Every structure is written in C-alpha cells, then in structure tokens.
1. Quick check on this structure: which one of 162, 177 is on the phi > 0 side of the Ramachandran plot, modelled with pLDDT of 95 or more and surrounded by fewer than 23 Cβ atoms within 10 Å (Cβ to Cβ)?
2. Taking the residues in the range 108-132 that are touching a helix residue (DSSP H, G or I) at 6+ places or on another chain (Cβ under 9 Å) and in a helix (DSSP H, G or I) as candidates, determine which candidate is farthest from the ligand (Cβ to nearest atom).
3. Among the residues that make up the range 228-240, is at least one of them at pLDDT 95 or above and loosely packed, with under 15 Cβ neighbours inside 10 Å?
4. So, residue 156, is that one assigned to a loop (DSSP other than H, G, I, E, B), more than 16 Å from the ligand (Cβ to nearest atom), more than 27 Å from residue 1 (Cα to Cα) and out of contact with any strand residue (DSSP E or B) (no Cβ under 6 Å at 6 or more places or on another chain) or not?
5. Is the range 191-205 home to any residue that is in a helix (DSSP H, G or I), touching a helix residue (DSSP H, G or I) at 6+ places or on another chain (Cβ under 7 Å) and within 15 Å of the ligand (Cβ to nearest atom)?
6. Within the bounds of the range 246-267, is there any residue that is modelled with pLDDT of 95 or more, assigned by TED's automatic domain parsing to the domain that holds residue 150, within 14 Å of the ligand (Cβ to nearest atom) and assigned to a helix (DSSP H, G or I)?
Ligand SMILES: NC(=O)c1ccc[n+]([C@@H]2O[C@H](COP(=O)([O-])OP(=O)(O)OC[C@H]3O[C@@H](n4cnc5c(N)ncnc54)[C@H](O)[C@@H]3O)[C@@H](O)[C@H]2O)c1
C-alpha cells in the first residue's frame, strides 16, 4: 500500500503520525511510505532519518495527499486539508467528530474512509489509542504541579518531596484511572504524600495493591473532598465519566478553604474539567489565579512533549497501521474487532452511531461494509 504522512498544520501541533522506525517496519513489509518534507522535525525526526529508513520525502502537503492510499495523521484534518482528501482514501488519525460538525460534513462529502484513533476499542472496552496520551498527561501533571508550587510562579513555595526533617507536600488526585495512576507514580517517586480518590472500589483495591506506601486511596464524595482540599498542596483533576461532562468535584466556594498557593492541575479540562473554576488554557499562557489558588488547565498537555508523545502514540498506532496496510481496511477490520468501532465515516455514510446522533444525520450500520 502507498502510505502518506503529511506534516501536522494545526496550531502548535508538533507530533507526527509515523516515526522513522515505524516507516522502516512498513517498508520491510513491502509498502511504500511518503513523508512530507519536515513532517517529523517538531518531534525530533529530520527528513534524513526517514530517508535512511527507506521512505521518500515529498515537498508539499498536496503531493502527499495526492499519492497516498492511506493517510496517517495525528490531529483531525483542518479546513485547508478538506479539499485534498480523495474518495476511497483511508484516513487513520484522531477525528473527534462529535465535537465539530463542519469536519463531519466535509468527511462525508469527501467519500473517504475515516478510521478514528479515539474510537478504536478493545474487547474490555479500553481505548488503546487514547491511553498513551493519558499516560503522558498524567505524568506531566506532577512535573507541572511541582513547578507551579514554586514561589516565583505564585505557588506555596513547597518542595514536593520535602527534605530530611521537613514533611513532603500533600498531593490529592481526583480519579484513579490512567491519568490518576500515572500522576500518582510520579508524585510518589518524588516522595510526596499522595491520596487518590475514586468512586470505584475495585479500582482502589487494585491501586492499594500496586502503589507504594506513600500513596493512599479514599472514596470520592463531597465530604471527603472538602476535608482533604484544606490540607492539599497540589490537586490533580483526572476524573472521567465516559460520554459525559466531568462532574465538578471542586466547586467555586471550596477555593476559600484551600491554602494560598495551592496548585490545581485539571487534566480533565478537555471534558469540561472536574474543578468548577477550570477553563481551558494554552501552553503559551497555561495558568491563572483565582482566590490565591493557581489553576493549570492546558487542554493538550502532551503537545508540550512531542518527542515522548509521538513515540508513545506511534507505539500504539503502528500495529494497527501495519494491519491496515497489509490487508486493506475492510479485511483488517474483519480480522481485528478493535478496528470496527474505529470506523466512523465510509463512502459518505456515517457508520458510528454517536456521530450520527450528534448531528441528526442518517446512520448506516458498519456491518453493511464488513459483510
Ligand atoms: N488535558 C490533556 O491534555 C489530557 C490528556 C489526556 C487525557 N485527558 C483527560 O483526562 C481525563 C482522565 O482520563 P483517563 O484516561 O485517566 O480516564 P479513565 O477512564 O482511565 O479514569 C477516570 C477515573 O475517574 C474515576 N471517576 C469517575 N467519577 C469519579 C468521581 N466522582 N470521583 C473520583 N473519581 C471518579 C473513574 O472511576 C476512573 O477510575 C479525561 O477527561 C481525559 O480526556 C486530558
């Protein structure tokens, strides 16, 4: 198959959908890989490394879309790319269709096959192409939190791990899923006194088994949240209720109960945030202060560490990309059920029910194409 890797053009997006190592794997299997000039630069992979791996470099985004049977991307196509997409072309990328109607309409019109990273799903309902970004954001939440706790950045002026003779900082993590667990590992590793709150007892039993002694678990409810925030130095929001807005576990009135200089990192900001006073911020301007409490609410945290994020993402996407290239999308989906819910739009028809519902569009069961 002919695979094209365009350069990401969304503002501040430095990831790339395929590394030179990934390109080599595809080429070894007989596929042809075209990479747009400088597509890997933002992640630290210059053209020359792709060439060594056997890929060919194309000068423009137009040439890359024109030649490819499968386009591998990171972010959803933006408006200037819509016209480049060809009927029957397979697009393998994040789409987040339900949040943007013009993109959905453009992809319907294009008659391309849209396989969305975010809805590829395993039998146990986990989302293998979202997990790596949650892992990055969870780990980064502590790195950022520790930084903003420093006095010059308006934090409490406390070192996460303390020093001999001085108690460590208290870290409260709301939600013990992927983000919360990775945040807990990082905070614990730095020596902080960590509490994870969740509503799932099985999850907390698991966490209690695997976490080190400086990580405790506690049932998440309003009473417990109100009690612990008074003493916390760093609070990480990592709650997710699939398909719903995040619940506000920390409300506006609670800020006055916190110590001045407490830092809130609301990773769940992309689902509305689990802290009422959270509003999305950017890497250029990541924080703001309300009632002496520092808020960090960057909606695309992994974007700040494109080298790690690209490798983490492509480790997860490459096995699927190889199946798609080897077999074509239809046979690959017939053979691997994970890929079936990834199919969102085929040949002008919406085959993912939630997307059809979101915009009141006709829904075609995906089975029509897989029979
Ligand atoms: N800002 C970013 O850059 C970024 C990056 C990756 C992920 N995220 C977001 O981070 C959030 C968490 O993602 P995840 O992958 O860890 O999800 P996850 O499903 O693995 O974990 C969510 C956890 O929240 C728990 N939970 C649900 N209701 C709760 C409540 N009332 N109190 C406490 N815990 C509760 C669940 O039991 C679960 O353990 C999501 O909103 C995700 O979109 C943001």
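1. 162
2. 109
3. Yes, some residue in the range 228-240 is at pLDDT 95 or above and loosely packed, with under 15 Cβ neighbours inside 10 Å.
4. Numbers: assigned to a loop (DSSP other than H, G, I, E, B): yes; more than 16 Å from the ligand (Cβ to nearest atom): yes; more than 27 Å from residue 1 (Cα to Cα): yes; out of contact with any strand residue (DSSP E or B) (no Cβ under 6 Å at 6 or more places or on another chain): yes.
In short, yes.
5. If we filter the range 191-205 for residues that are in a helix (DSSP H, G or I), which is where we start, we get 201-205.
Remaining after also requiring touching a helix residue (DSSP H, G or I) at 6+ places or on another chain (Cβ under 7 Å): none.
Scanning the range 191-205 turns up no residue that is in a helix (DSSP H, G or I), touching a helix residue (DSSP H, G or I) at 6+ places or on another chain (Cβ under 7 Å) and within 15 Å of the ligand (Cβ to nearest atom).
6. yes
Residues are listed down the side, and each one gets a yes or a no for (1) out of contact with any helix residue (DSSP H, G or I) (no Cβ under 9 Å at 6 or more places or on another chain); (2) part of a strand (DSSP E or B):
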{"position": "71", "(1), (2)": "no, yes"}
{"position": "75", "(1), (2)": "yes, no"}
{"position": "87", "(1), (2)": "no, no"}
{"position": "104", "(1), (2)": "no, no"}
{"position": "134", "(1), (2)": "no, no"}
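Residue-by-condition table, conditions (1) part of a helix (DSSP H, G or I); (2) surrounded by 14 or more Cβ atoms within 10 Å (Cβ to Cβ); (3) in the same structural domain as residue 330 (by TED's automatic domain parsing):
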position	(1), (2), (3)
11	no, no, yes
18	no, yes, yes
22	yes, yes, yes
63	yes, yes, yes
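The values are calculated or read from the model by the stated rules, or taken from the named source; none is laboratory data. All of these numbers come straight from a predicted model, not from anything done at the bench. Positions of Cβ are generated from backbone atoms using ideal geometry, with glycine treated the same way; all protein chains shown enter the neighbour counts.
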